[in-house]
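To start, the structure under review is shown below, and the notes come after it.
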Amino acid sequence: MQAGTPVEQTIRACQDIRKFITLRQVKGGAVWKGQYLGRVVRWYYARGETDTIHYTTNGNTVARSQGSRPCMVLPDALPADIDLDWYVREAREMLGDLGVADLVEGGCAHPRVQMALI
C-alpha cells in the first residue's frame, strides 16, 4: 500500500508460506480430524475446509481455526488449496478497523471506511 500496490495484489503475488501461517501454542495439545498435532500448532486457511482444530484436553475449538488446515512442516511451495480470498478479506477488515483505505477499484474495500469517506 505504501508503494501504491493494492492489498489484494500483494497477497496474491506472495509465494512465501510463512506469510500465511498462524502459529499458536495450545495448552495440552491439539487435534485435527483425530490426528494429534502437538502443543504448538501451525495452520493456514484452506479453500473448502470447514473443520476446526480442537484442544486435546476438552475438545474445545482452538480460537480462529475454523476453515484451517494444519501445516506442521513448511512446504517449499504454497499449498494449492490456500484460501487467498480469506487472507484478502482479513487484510481489508484489519485496514478498515484501522481507518485505512485499501487501494481497490472504486474506492475503499471496507464499508466502515467507505462511510467515513462520504
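Restricting to the stretch 55-70, count the residues that are more than 13 Å from the chain's Cα centre (by Cα) and in a loop (DSSP other than H, G, I, E, B).
Count: 6.
Name the pairs: first residue in the stretch 64-88 and closer than 21 Å to Glu8 by Cα and at pLDDT 95 or above, second residue of a type outside the set (Phe, Trp, Tyr) and in a strand (DSSP E or B), Cβ to Cβ under 6 Å, at least 6 apart or on different chains?
Matching pairs, first to second residue: Asp81/Ala46; Asp83/Ala46.
Looking at Gly4, is it out of contact with any Cys (no Cβ under 6 Å at 6 or more places or on another chain), assigned to a loop (DSSP other than H, G, I, E, B) and surrounded by fewer than 16 Cβ atoms within 10 Å (Cβ to Cβ)?
Yes.
Which one is most open to solvent (accessible area, probe 1.4 Å), of the residues in the stretch 72-98 that are in contact with a helix residue (DSSP H, G or I) (Cβ under 7 Å, 6 or more places away or on another chain) and not in a helix (DSSP H, G or I)?
The extreme case among them is Leu74.
Restricting to the stretch 19-54, name every residue that is over 18 Å from Arg89 (Cβ atoms), part of a strand (DSSP E or B) and open to solvent by less than 60 Å² (accessible area, probe 1.4 Å).
Passing the criteria: Val26, Gly28, Gly29, Ala30, Val31, Trp32, Leu37, Gly38, Val41, His54.
The values are calculated or read from the model by the stated rules, or taken from the named source; none is laboratory data. None of these values were measured; they are calculated from a predicted model. When we count neighbours, we look across all protein chains shown, and the Cβ atoms used for this are built from the backbone with ideal geometry, even at glycine. The area values use the complete protein model at the heavy-atom level, side chains included, leaving out ligands, DNA and RNA. Shrake-Rupley method; radii C 1.70, N 1.55, O 1.52, S 1.80 Å.
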